[in-house]
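Participant: Structure in structure tokens, see below.
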């Protein structure tokens, strides 16, 4: 099957519905073709990625041995590209005012049950202090779409507030997940020195997208789907893709997601910096049983492994939507970033009351504290990382991808992850986590040349706890 990729910035071209249908028909017809499967797996073992047509064939193949090989290869690829470190972050919800009608989200405009909250700059600073006290260094900023309550000026002011709080530590990177906007507004967001611009497609199926978004600016499929092109045209080097699995068939979504990644790489020289894999979760006034495309755990985990194999360079994100068990499985299949100690409420880190507790966007399945998550990661053999070095050092977009695709980025990642773990262990960890962290650091430092290990210690200012990254 001839590979299809579009250089057009028109959604109906780069997410071509006829091409997705052709791909899935081809995959269905050839899913048991042992010769083709062997050829695709041979290419996959080169660790340079797969086209959407190839990944679709592997997805539809049900041979347990092939699935096992895909999963084992996914772990190899993750280690080859990123090593054994796992980046940690926390979401920060600024406001749940929203004028859209997304029927899977409790923030939809018709929901009169959920308390509508919007933080002041002082309240945002309180949230940041609470997050810093935990040890967080990287945030994902979230807000509903509401030009009156959440204009871009409010978002920009909030970003400045977050970066300006230095009392319990410092937030070194703010990624932003807000509604699709104009090129000019993306230029303003980029100038605010945020990291990655993230926007979930929700579903790539245009017909279902329009049913799920009956009103509001988000109802415009083309405007929403073309947002990443506008963001990159507005100066963003790093963008993050994602779909909400369960809204449409996972087969369709995987192909659409890979086509989007291929389009960005072909046009801008850099595919998605991250891909997120959220699944539908229960939430206020949302009955998830009414959605008929639920993704079983075994299929979900295979899909994660396939994404890692197909898009080896991307960071893969899993939030606290998923349970500890699923997150542990997914970490061995290619997930490289997770949230910890998360609140999906507006103002939930610094305060707890009924209104705040009822403002959540979705139910959290992993309710452990950040300290517990850090300790768990180390017990599972991973190196928790709070690194933000690439953004501060200018390793972004095409420059990042060139290093990453040579499988050299982990040389930076490993050393910087250890630096941030030292910082966490010394300043934020509980006694038991500090004990386990100290032992892990000794073990990991022993793997490095002695000169490098000695240099790591000199890169942390013990007075200010500031880090000089590699």
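Participant: Given the options 309, 373, name the one that is within 29 Å of residue 258 (Cβ to Cβ), in a helix (DSSP H, G or I) and assigned by TED's automatic domain parsing to the domain that holds residue 277. If you could, list the steps in order and put the result at the bottom.
Facilitator: Numbers: 373 fails: within 29 Å of residue 258 (Cβ to Cβ).
Going through 309, 373 in turn, the sole match is 309.
Participant: Could you run through the range 83-124 and say how many residues are in contact with a strand residue (DSSP E or B) (Cβ under 8 Å, 6 or more places away or on another chain) and not in a loop (DSSP other than H, G, I, E, B)?
Facilitator: 13
Participant: Right, something else. Kindly evaluate residue 99 against the criterion of being more than 24 Å from the chain's Cα centre (by Cα), in contact (Cβ under 8 Å) with a residue 60 or more places away in the chain and under 30 Å from residue 160 (Cβ atoms). Break it down stepwise before answering.
Facilitator: Working: more than 24 Å from the chain's Cα centre (by Cα): yes; in contact (Cβ under 8 Å) with a residue 60 or more places away in the chain: yes; under 30 Å from residue 160 (Cβ atoms): yes.
Yes: the conditions hold for residue 99.
Participant: A further question on this structure: Could you list all residues from the range 188-205 that are at negative phi and under 18 Å from the mean Cα position of the chain (by Cα)? I'd like the intermediate steps shown before the answer.
Facilitator: Filtering the range 188-205 down to residues at negative phi leaves 188-192, 194-201, 203-205.
The answer is 194, 195, 196, 197, 198, 199, 200, 201, 203, 204.
Participant: Is there a residue being buried (at least 17 other Cβ atoms within 10 Å of the Cβ), in contact with a strand residue (DSSP E or B) (Cβ under 6 Å, 6 or more places away or on another chain) and under 16 Å from residue 276 (Cβ atoms) anywhere in the range 217-231?
Facilitator: yes
Participant: A further question on this structure: Do we find that residue 422 is free of Cβ contacts under 8 Å to residues at least 60 places away in the same chain and surrounded by 17 or more Cβ atoms within 10 Å (Cβ to Cβ) in this structure? Let's see the steps before the verdict.
Facilitator: Details: free of Cβ contacts under 8 Å to residues at least 60 places away in the same chain: yes; surrounded by 17 or more Cβ atoms within 10 Å (Cβ to Cβ): yes.
In short, yes.
Participant: For the range 400-462, which fully contained helices (runs of 4 or more DSSP H) count at least 2 residues that are under 25 Å from residue 131 (Cβ atoms)? I'd like the intermediate steps shown before the answer.
Facilitator: Values: elements: 409-427, 431-446, 450-458.
Result: 409-427, 431-446.
Participant: Restricting to the range 444-455, count the residues that are under 24 Å from residue 376 (Cα atoms), surrounded by 11 or more Cβ atoms within 10 Å (Cβ to Cβ) and more than 27 Å from the chain's Cα centre (by Cα).
Facilitator: To start, the set of residues in the range 444-455 that are under 24 Å from residue 376 (Cα atoms) comprises 444-448.
Imposing the further condition that a residue be surrounded by 11 or more Cβ atoms within 10 Å (Cβ to Cβ) reduces the set to 444-445, 448.
Still in the running and more than 27 Å from the chain's Cα centre (by Cα): 445, 448.
Qualifying residue count for the region: 2.
Participant: So which residues in the range 93-116 are closer than 30 Å to residue 387 by Cα and in contact with a helix residue (DSSP H, G or I) (Cβ under 6 Å, 6 or more places away or on another chain), if there are any at all?
Facilitator: Residues of the range 93-116 closer than 30 Å to residue 387 by Cα: 93-96.
Answer for the range 93-116, where residues must be closer than 30 Å to residue 387 by Cα and in contact with a helix residue (DSSP H, G or I) (Cβ under 6 Å, 6 or more places away or on another chain): just 94.
Participant: Now for a different question. Which number in (1) over 11 Å from residue 309 (Cα atoms); (2) part of a loop (DSSP other than H, G, I, E, B) marks the one condition that residue 59 misses?
Facilitator: Status for residue 59: all satisfied but (2).
Participant: Pull out all pairs, ordered by first then second residue, where Cβ-Cβ is under 7 Å, the residues are six or more apart or on different chains, the first lies in the range 221-236 and is assigned by TED's automatic domain parsing to the domain that holds residue 174 and within 13 Å of residue 269 (Cα to Cα), and the second is assigned to a loop (DSSP other than H, G, I, E, B) and modelled with pLDDT of 95 or more.
Facilitator: 229/9
Table: residues versus (1) touching a strand residue (DSSP E or B) at 6+ places or on another chain (Cβ under 7 Å); (2) part of a helix (DSSP H, G or I); (3) closer than 21 Å to residue 382 by Cα; (4) without any contact (Cβ under 8 Å) to a residue 24 or more places away in the chain.
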| residue | (1), (2), (3), (4) |
| --- | --- |
| 257 | yes, yes, no, no |
| 272 | yes, no, no, no |
| 289 | no, yes, no, yes |
| 292 | no, no, no, yes |
| 303 | no, yes, no, no |
| 316 | yes, no, yes, no |
| 333 | no, no, yes, no |
| 348 | no, no, no, no |
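Participant: Here's a follow-up. Is it true that residue 407 is farther than 22 Å from residue 105 by Cα and in contact with a helix residue (DSSP H, G or I) (Cβ under 9 Å, 6 or more places away or on another chain)? Steps first, please.
Facilitator: Details: farther than 22 Å from residue 105 by Cα: yes; in contact with a helix residue (DSSP H, G or I) (Cβ under 9 Å, 6 or more places away or on another chain): yes.
The answer is yes for residue 407.
Participant: Which one is nearest to residue 423 (Cα to Cα), of the residues in the range 376-399 that are in a helix (DSSP H, G or I) and modelled with pLDDT under 95?
Facilitator: First, the residues of the range 376-399 that are in a helix (DSSP H, G or I): 376-379, 389-393, 397-399.
When the remaining residues are screened for being modelled with pLDDT under 95, the result is 389-393, 397-399.
Values: 389: 14, 390: 18, 391: 19, 392: 17, 393: 19, 397: 27, 398: 30, 399: 27 Å.
So the residue we want is 389.
Participant: Residues 167, 142: which one is within 28 Å of residue 372 (Cβ to Cβ), assigned to a strand (DSSP E or B) and in contact (Cβ under 8 Å) with a residue 24 or more places away in the chain?
Facilitator: Details: 167 fails: assigned to a strand (DSSP E or B).
Only one candidate qualifies: 142.
Participant: Tell me whether the range 452-460 contains one or more residues that are modelled with pLDDT of 85 or more and touching a strand residue (DSSP E or B) at 6+ places or on another chain (Cβ under 8 Å).
Facilitator: yes
Participant: Hey, another quick one. Could you list, in sequence order, the residues of the range 1-58 that are buried (at least 16 other Cβ atoms within 10 Å of the Cβ) and at pLDDT below 95?
Facilitator: Of everything in the range 1-58, just one residue is buried (at least 16 other Cβ atoms within 10 Å of the Cβ) and at pLDDT below 95, namely 1.
The values are calculated or read from the model by the stated rules, or taken from the named source; none is laboratory data. Bear in mind that the values here come from a model prediction, so they are computed numbers and not experimental data. Every residue, glycine as well, gets a Cβ built from its backbone with ideal geometry; the counts of neighbours run over all protein chains shown.
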